[in-house]
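Undergrad: Okay, here's the structure, questions in a sec.
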Amino acid sequence: MTLFTDTFLIALIAGIAAAGVPLLLAGLGEQLSEKAGVLNVGIEGMMLGGAYLGFYIAWATESTGLGFLGGILGGLLVSSLMVLFCVRMGLNQIVIGIALTLGAEGATALLHHVQFSRLYPRLSDVATWRIPGLADIPIIGPALFDREPVVYLAVALVPILVYVYRRTHLGLAVQAAGDKPAALDSAGQNVLAIRSFAVLACGGMVGLGGAFMSIVGAGVFVPFMTHGNGFIGIVLAMLARGRPLWVLFGAVLFGACLSAATALQVAGVAIPTDVVQMLPFVAVMLVLLIAGRNAKLPAALGAAYVRGER
Amino acid sequence: MMMTKTTKGALRLMTALAFTTGMSTAVLAEEITSLAILTPETGTDFGWNQQGIDGAVAAGEALGVEVIVAENLGYGDVRPTLRELAEEEPGLIVAHASGYNTAAPEIGAEAGVKVAIVDSPSALTEGSVVDYTASGHEGAYLAGVLAAKMTRSGTVGIVTSGEPPSWNSQSAAFAEGVKATNPELVIRYAVIGPAAYSDAAGGKRVTESLIAAGADIIFGQGNGSSFGMLQAVETTPAADGGKVMFIDVIGDKTPIDKGYLLSSVLWNLTPVYEAMIEDIRADKFGTRNYGINLEDGSVALLKSPHIPEDIWGEVMAVKDQIVSGEVVVEPHFDAESVHALVTGE
């Protein structure tokens, strides 16, 4: 039987989107937070919060749209703790980020145990938006242009964020909060408010990525299901060094390598599985390290801002 | 405090007297009043974690041993939890995850507590460490026979959440069962990730790819990720537009089935834990490892309503051949053997 049929190729390319969208949203969110000077190590927890609340609301209301909003809310809830402890109270961002991730893992596992562990409810297929014309392209069309609305939204966020960073006062203020917060303060802007906004926006995006994972990617919520995707998002953001387009490139490359790894295994290629599964990580690190070697991270990244302190 | 010291002193004196009067080792054999079990996910997953906890509780009830359950610990470093449990001085700590098989012997040695680990048979140490690489390979062989008899497309798929020895031996045996029944059938094999036990989204993605590659029966091995596999077969039609059926492992997902669960290679770990307790009481702990098999019923194949009676009868005939020794299913714990069997090399 021929393996590389249209159906198989469509499934592989659709897999790129399924794996890449949560990473893209996580990477873009982390990038925004880092631009404002907050190293948000807690996005794995935010993603889990979004995955849980998104799935819960989608299941309870039978509305995937409300589920995605619930995912944003879940991410916001966890990120509000990051705002409180790191931005407002100035505590160590790495320690709090790890604590939030561990806390979210425990809390969502406990909630799952109470609510779902006897039933394991699964969602039915999510409605897709078919883009006329593009969806008719053989193989690529059905895989990429007949997708859930969140896929298009995630990709659309890339040019939107590029525009915000380059052309708006808000973007300038966010980057100043990460590069020279004292200068921003001197200019009459509220550094803590801008950092709070960036962290909350990050939480919303990452939470949406988590909801995509549970509602579309899996159709079910299970404990620890984000499986390190938040941390990969941090890596993408760090290596993309402030450029949203590179986050998109990294997420697509990662998803493509995952699909390629599956294809190699299904084809029975005689390479050890561990080697095949290193592909996504090695490829993304290599490409982004080469591409981003001249870029710089924000000067005040990871440092709490206290007015008057140098 | 005084009472405690007095009691401890009396115990030491009695022990010393026992030695000096030459009491037999049988009388001195260790008593075990409690055991602790650690699992990475909750004991309600209809799979690995649930079977582990249920098995330990059942063994404890049967042999009068209190069971301390520490569940949902994740796949990270469990040393702090192990140390806390060791302070309770259980007679045995069962570290029910392959990811714990470095930390558990380490903490066991540190605290002087016996430990049981999985997927590490060479760690056997007299008096302190045993392994129970429970392999349902005989049941998986039967699952392969069943899949071969029920596939419409001529292609079956194997999805696993990693390549630990237990999964490998079942994947290999499943492939052998398929090929022994019909050598012309195609087997497609894919691993979700290096240790993707809870990666439900990955489970769904990879399973969808196998279905797109023509598989209409999926043999899935994963913990939380198996729910993603189940979701994939429920939402993705086979190439002929019909249902894709799912064969699970370890637990019985019948209560949550939507009509796609063909069977499951069921494990019963109660006899394994009972044997460990009895070996501790007989001062034999650490002299052997433990396993499960078809003969004593610790491995079984689930019969669902989707299996026609005639096919079930044929599968049970193969089971009888395995139990009688007429058909021998050797376990292959390494990934290379699985790859070779799947590709037919």
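Undergrad: Inverting the mean 1/r over all pairs of different Cα atoms, compute the Kirkwood radius of region A:107-232 and quote it in Å. Present the calculation step by step, with values, prior to reporting the outcome.
TA: Values: mean 1/r = 0.0560 Å⁻¹.
Radius from the Kirkwood sum: 17.8 Å.
Undergrad: Please average, across the residues of A:259-268, the number of beta carbons from any other chain that are within 10 Å of each residue's own beta carbon, and give a whole number. Before the final figure, lay out each step's value.
TA: Working: counts 3, 0, 5, 11, 3, 1, 11, 11, 4, 10.
That works out to 6 on average.
Undergrad: On a 32 Å Cα-Cα criterion, which of the cross-link pairs B:Lys114/B:Lys204; A:Lys35/B:Lys204; B:Lys114/B:Lys179; B:Lys258/B:Lys319; B:Lys114/B:Lys319 come out too long? Mind dumping the intermediate values first?
TA: Working: B:Lys114/B:Lys204 39 Å; A:Lys35/B:Lys204 34 Å; B:Lys114/B:Lys179 42 Å; B:Lys258/B:Lys319 28 Å; B:Lys114/B:Lys319 36 Å.
Pairs exceeding 32 Å: B:Lys114/B:Lys204; A:Lys35/B:Lys204; B:Lys114/B:Lys179; B:Lys114/B:Lys319.
Undergrad: Further question: Return the whole-Å distance between the Cα centroid of region B:103-170 and the Cα centroid of region A:114-147.
TA: Distance between centres, Cα-based: 35 Å.
Undergrad: Still on this structure, I have one more. Please report A:Cys86, A:Cys257, A:Cys202 as a ranked list, fewest other C-beta atoms within 10 angstrom at the top and most at the bottom. Could the numbers behind the result be given before it?
TA: Numbers: A:Cys86 28, A:Cys257 21, A:Cys202 32.
Lowest to highest Cβ neighbour count: A:Cys257, A:Cys86, A:Cys202.
Undergrad: Now a separate question. What distance in nm separates the simple spin-label points at A:Val282 and B:Glu87, each placed 7 Å from Cα in the Cβ direction?
TA: 4.5
Undergrad: Further question on the same structure: For region B:179-245, count the residues as N, evaluate 2.2 N^0.38 Å, and divide the Cα radius of gyration by that value, please.
TA: Working: Rg = 12.0 Å, N = 67, 2.2 N^0.38 = 10.9 Å.
Dividing the Cα radius of gyration by 2.2 N^0.38 Å gives 1.10.
Undergrad: For region A:196-215 and region B:261-322, write down the distance between their C-alpha centroids in whole Å.
TA: 45
Undergrad: What does the net charge come to around B:Ala62 if you take all other residues with beta carbon closer than 12 Å to its beta carbon, with K and R at +1 and D and E at -1?
TA: Values: positive: none; negative: B:Glu61, B:Glu274, B:Glu278.
Summing Lys/Arg as +1 and Asp/Glu as -1 gives -3.
Undergrad: Looking at the protein assembly as shown only, what percent of DSSP beta bridges run antiparallel? Nearest 5 please.
TA: Details: 7 of 40 bridges.
Percent antiparallel among DSSP bridges in the protein assembly as shown is about 20.
Undergrad: Give me a comma-separated list of calculated 3J(HN,Hα) values for region B:158-174, in order, Karplus coefficients 6.51, -1.76, 1.60 applied at θ = phi - 60°, integers in Hz, x for any Gly or Pro.
TA: Karplus-based 3J(HN,Hα) across region B:158-174 equals 10, 10, 10, 8, x, 10, x, x, 4, 5, 4, 5, 6, 4, 4, 5, 4 Hz.
Undergrad: Report the percentage of all Cα-Cα pairs in chain B whose separation exceeds 27 Å, rounded to a whole percent. If you can, show how the numbers build up before the last one.
TA: Values: 28069 of 59340 pairs.
I get 47 percent for the Cα pairs in chain B exceeding 27 Å.
Undergrad: Between A:Lys296 and B:Arg288, what is the spin-label point distance in nm, taking each point 7 Å from the Cα along the Cα→C-beta axis?
TA: In this crude spin-label approximation the distance works out to 7.0 nm.
Undergrad: Kindly give the semi-axes, whole Å and largest first, of the ellipsoid equivalent to the protein assembly as shown, taking each as the square root of 5 times a Cα gyration tensor eigenvalue.
TA: 45, 36, 19
Undergrad: Among B:Gly64, B:Gly228, B:Gly154, whose mean-square fluctuation peaks in a Gaussian network model of chain B (Cα, cutoff 10 Å)?
TA: B:Gly64
Undergrad: In a Gaussian network model over chain B where Cα atoms closer than 10 Å are linked, find which of B:Leu73, B:Leu266, B:Leu294 has the largest mean-square fluctuation.
TA: B:Leu73
Undergrad: Whole-Hz Karplus ³J(HN,Hα) for region A:238-255, in order, using 6.51 cos²θ - 1.76 cosθ + 1.60 and θ = phi - 60°, x for Gly and Pro?
TA: 5, 6, 6, 6, x, 10, x, 4, 6, 5, 4, 4, x, 5, 5, 4, 4, x
Undergrad: Across all directions of projection, what mean area in square nanometres is found for the Cα convex hull of region A:198-292? Mind dumping the intermediate values first?
TA: Values: hull surface 28.6 nm².
With every direction weighted equally, the projected area is 7.2 nm².
Undergrad: Here's something else I'd like to know. Treating only the Cβ of Lys, Arg, Asp and Glu as charged (+1, +1, -1, -1), what charge dipole size does the protein assembly as shown show about its Cα centre? Round to the nearest 20 debye. Please list the in-between numbers first.
TA: Details: 36 positive and 59 negative charges, 644 e Å.
Dipole about the Cα centre, nearest 20: 3100 debye.
Undergrad: A further question follows. Classify region B:286-345: rounded, prolate or oblate, from the alpha-carbon gyration tensor (a ≥ b ≥ c, eigenvalue square roots; a/c under 1.5 rounded; otherwise prolate if a/b is larger than b/c)?
TA: Working: a/c = 2.01, a/b = 1.25, b/c = 1.61.
Oblate.
Undergrad: While we're here: For chain B, give the magnitude of the charge dipole about the Cα centre (Cβ charges: +1 Lys/Arg, -1 Asp/Glu; no others), in debye to the nearest 20. List each step's numbers first, then the result.
TA: Working: 20 positive and 45 negative charges, 73 e Å.
The dipole magnitude comes to about 360 debye.
Undergrad: Now for a different question. Quick one: if you stick a label point 7 Å off each Cα along the C-beta vector at A:Glu309 and B:Glu126, how many nm between them?
TA: Each label point is offset 7 Å from its Cα along the Cβ direction, giving 6.1 nm.
Undergrad: Pull up all non-local amide H partners of B:Ser153: gap of 5 or more, or a different chain, and H-to-H distance under 5 Å with H placed in the peptide plane.
TA: B:Asp216
Undergrad: Please state the equivalent ellipsoid semi-axes for region B:96-178: what are the square roots of 5 times the Cα gyration tensor eigenvalues, largest first, in whole Å?
TA: Semi-axes (√(5λ), whole Å): 35, 11, 7.
Undergrad: Report the FRET efficiency, 1/(1 + (r/R0)^6), for A:Ile131 and B:Met316, where r is their Cβ-Cβ distance and R0 is 56 Å, rounded to 0.05. Working shown, then result.
TA: Details: r = 53 Å, r/R0 = 0.94.
E between A:Ile131 and B:Met316, to the nearest 0.05, is 0.60.
Undergrad: Among A:Met278, A:Met47, A:Met205, determine the one that fluctuates most according to a GNM of chain A built with springs between C-alpha atoms less than 10 Å apart.
TA: Sorting by GNM fluctuation, first place goes to A:Met278.
Undergrad: What are the extents of the Cα atoms of region A:166-228 along their three principal axes, in Å, largest first?
TA: That gives 49, 23, 16 Å along the principal axes, largest extent first.
Undergrad: I would also like to ask the following. Per 20 Å bin, what is the whole-percent P(r) computed from every C-alpha pair distance within chain A?
TA: 33, 56, 10, 0
Undergrad: Ignore the peptide's own chain and count Cβ atoms of other chains within 10 Å of each Cβ in A:207-214; give me the average, rounded.
TA: Working: counts 0, 0, 0, 0, 0, 1, 4, 2.
Per-residue shielding by partner chains comes out at 1.
Undergrad: Which aspartates and glutamates, on any chain, are close to A:Lys296 with Cα under 13 Å apart, when same-chain ones fewer than 8 places away are left out?
TA: A:Glu34, A:Asp179
Undergrad: Averaged across B:232-242, how many Cβ atoms of other chains sit within 10 Å of each residue's Cβ atom? Provide the component values of the computation, followed by the final result.
TA: Numbers: counts 2, 0, 5, 6, 2, 0, 0, 4, 0, 0, 0.
Across B:232-242, the average partner-chain Cβ count within 10 Å equals 2.
Coordinate-derived values only; no laboratory data. Keep in mind that what you see is a predicted model, and the values were worked out from it rather than measured. Positions of Cβ are generated from backbone atoms using ideal geometry, with glycine treated the same way; all protein chains shown enter the neighbour counts.
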